[in-house]
Amino acid sequence: MSIIVNLDVMMAKRKMSLNALSDKVGLTLSNLSILKTGKAKAIRFTTLEAICEVLECQPGDILEYSKDK
């Protein structure tokens, strides 16, 4: 099972930098960077909700499931 994080795609669509998102969501740059690069092992619903609110998107816009081959 593989979860793909498309945070960078949504940030680009909204023309928002990692610094700006960090300020608006209230997370550290390092935590957002870990999430953005797909290295995160988990995400809290409150964090996902805050990101979706700031980026005006749905969780499915950020997270994608892909079957391993």
Could you look through segment 36-50, keep only residues that are of a type outside the set (Ser, Thr, Tyr) and out of contact with any helix residue (DSSP H, G or I) (no Cβ under 6 Å at 6 or more places or on another chain), and pick out the one that is most open to solvent (accessible area, probe 1.4 Å)?
Lys41
Consider Leu32 against the criteria (1) over 10 Å from the mean Cα position of the chain (by Cα); (2) surrounded by 13 or more Cβ atoms within 10 Å (Cβ to Cβ): it satisfies all of them except one. Which criterion is unmet?
(1)
Identify the residue in segment 51-69 that is among the acidic types (Asp, Glu), surrounded by 11 or more Cβ atoms within 10 Å (Cβ to Cβ) and in contact (Cβ under 8 Å) with a residue 40 or more places away in the chain and, among all such residues, is nearest to Val25 (Cα to Cα).
Asp61
Select, from Asp68, Asp23, the only residue that is of a type in the set (Asp, Glu) and at pLDDT 95 or above.
Asp23
With the requirement that a residue be on the phi < 0 side of the Ramachandran plot and open to solvent by 70 Å² or more (accessible area, probe 1.4 Å), what does segment 13-27 give you?
Lys13, Arg14, Asn19, Asp23, Lys24
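The values are calculated or read from the model by the stated rules, or taken from the named source; none is laboratory data. For clarity, every value in this text was computed on a predicted model and none was experimentally measured. With ideal geometry, Cβ positions are generated from the backbone for all residues, glycine too; neighbour counts draw on all protein chains shown. These area figures cover heavy atoms from the full protein model, side chains too; ligands, DNA and RNA do not enter into them. Shrake-Rupley method; radii C 1.70, N 1.55, O 1.52, S 1.80 Å.
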